[in-house]
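Below: one structure, written as structure tokens.
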Amino acid sequence: MGAIPAITGRDEFHALVVRTDYKDDRAWQEVVAALMKPWGDGQYEAQVHVIDDRAWAEASTDDVLAAVRTDEYLSVVFLADRMTMEIGSHALLAVTTASREEFEEEEDYEALIEFGHEFRTVPAGVHDVHANLNIGNMGFEEYAEEAKKDPEGTYRSF
């Protein structure tokens, strides 16, 4: 993997989806189609900033996090990784961008990651997760906990 390009032009209200697996273009097209559907019972237009650049092929979660750390308005990034392309639900990997250094109190950070730094979400869940984290309506840990309750470890909806 070469140098990862900077992410530019993302509106703070758009969810960030980074494609890291390039083995199945058909699966990717299915993911994108699902991401672009209206959400919230069809009342909201999908707002997604998609990174589809082979420079990101095989990028690790740490690589992606390092590239997005400077975006102060981003609390979660979604990865379309190998598993996303292989499983029928096309669940993306939702990863918190928060780091320990951002918290004054250790217990606040520990509460955020109580159920892990990441979880899977179906494409329809991307909008719900991003929007609610963006406005502070819910916390990352609440979505991670909900995903943990699912037999496949995937957030689907409340």
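Read the figures in this text as sums done on the coordinates, not as results from a lab. Predicted model only: the values in this text are computed from it and were never measured. Cβ sites come from the backbone with ideal geometry, for glycine too, and all protein chains shown count toward neighbours.
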Under the rule a/c < 1.5 gives rounded, and otherwise a/b versus b/c splits prolate from oblate, where does region 63-133 land using the Cα gyration tensor? prolate
Are there trypsin sites (Lys or Arg not before Pro) in region 6-66 that DSSP marks as loop and that have at most 15 other Cβ atoms within 10 Å, and which are they? K23
By count of other Cβ within 10 Å, fewest leading, how are S75, S99 ordered? S99, S75
Answer rounded, prolate or oblate for the chain, using the Cα gyration tensor with square roots of eigenvalues a ≥ b ≥ c: rounded when a/c is under 1.5, else prolate when a/b is larger than b/c, else oblate. rounded
So what is log10(I(q)/I(0)) for region 41-95 at q = 0.15, 0.16, 0.30 1/Å, when the Debye sum runs over its Cα atoms only? -0.52, -0.59, -1.35
For each of I135, I4, count neighbouring Cβ atoms within 10 Å of the residue's Cβ, then give the residues from fewest to most. I135, I4
Listed residues D41, D128, D62; largest mean-square fluctuation, Gaussian network over the chain with Cα springs below 10 Å, found at D41
Rank by packing, highest mean first: peptides 43-51, 115-123, with packing defined as the count of other Cβ atoms within 10 Å averaged across residues. 115-123, 43-51
